[in-house]
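All of the numbers you see were taken from the coordinates with simple rules; none came from a lab. These figures come from a predicted structure and were not determined experimentally. Using ideal geometry, Cβ is built from the backbone for each residue, glycine included, and neighbour counts are taken over all protein chains shown.
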Amino acid sequence: MKVGIILARGGSKGIINKNLQMIGETSLLEKSIKTMLISNIFSRIIVSSDSSKILNIAKECNVETHNRSEITSNDSSTSEEALFEVLADKGINNGTVFLIQCTTPFLNSQDLQNIDKQFPHGHNHTIITGYYENVHHWYMEKDKIKPIGESAELRSARQKQKTKIFVENGGAYVFDIASFLITRNRFLKEVDAYEMSKENSIDIDLPIDLKIARFLS
């Protein structure tokens, strides 16, 4: 059994009602639901939210809904806590879950079908979506920045870099349900990448992200 789940809180600080923002003529929430329906790979599709407006939209799209509790709806609650609640309340304890984030609007139905084919259906596997970069990356350590992969003195031209960085875009996380219920962690022992283009990997978190997504849609 393959279960598609969207965790869509009503509250959002960066962008008000973020999950209901429009991209073209469709809200982010509706766009993700339609993408999941068109993929035709799911036995069940569930939208979990603390917002009656979000839940009503999900019902209009003819998918299942889940009333998210106050405990898993606050700013400090994790996706794992909310997902565990959905699975427990719905009595789902086996199969594969596709955790879909509707703020990555250019994840499409073909992506979901490709991920389904790529997924090894093993208890220790997780697939995450994102894109590869070979630009020079630096990280902060004790108020100083240090290069990732190569030293600053000996680094090669960007096009010849040996280290490629995979940037997680939040679009989809796919993993075994039984293993998740034991570990309560979506990242299982073996994590594999599903590559999307950088353009399609836009993750809407800030107002500028929303403007870019609208421009590209």
So if I take the centroid of the Cα atoms in the range 1-76 and the same for the range 88-125, what is the distance between those two points in Å? 15 Å
May I ask you to derive the relative contact order of the chain, considering only C-alpha pairs under 8 Å and at least 6 residues apart, and to give it as an integer percent? 24 percent
Mind scanning K18/K146; K18/K164; K144/K164; K53/K198; K13/K117 and naming the pairs with a C-alpha gap bigger than 29 Å? K18/K146; K18/K164; K53/K198; K13/K117
At q = 0.08, 0.12, 0.14 Å⁻¹, what is the log10 ratio I(q)/I(0) for the chain, with the Debye formula run over Cα points and no solvent? -0.31, -0.68, -0.90
With r as the distance between the Cβ atoms of N94 and L206 and R0 = 35 Å, compute the FRET efficiency 1/(1 + (r/R0)^6) and round to 0.05. 0.40
With the chain treated as a Gaussian network of Cα nodes joined by springs under 10 Å, which of I33, I148, I71 yields the largest mean-square fluctuation? I148
Cβ-Cβ FRET estimate between I165 and E199, R0 fixed at 22 Å, reported to 0.05: 0.80
Figure the gain on full extension for N62 and R44 (residue separation times 0.36 nm, minus the Cα-Cα span) and round it to one decimal in nm. 5.4 nm
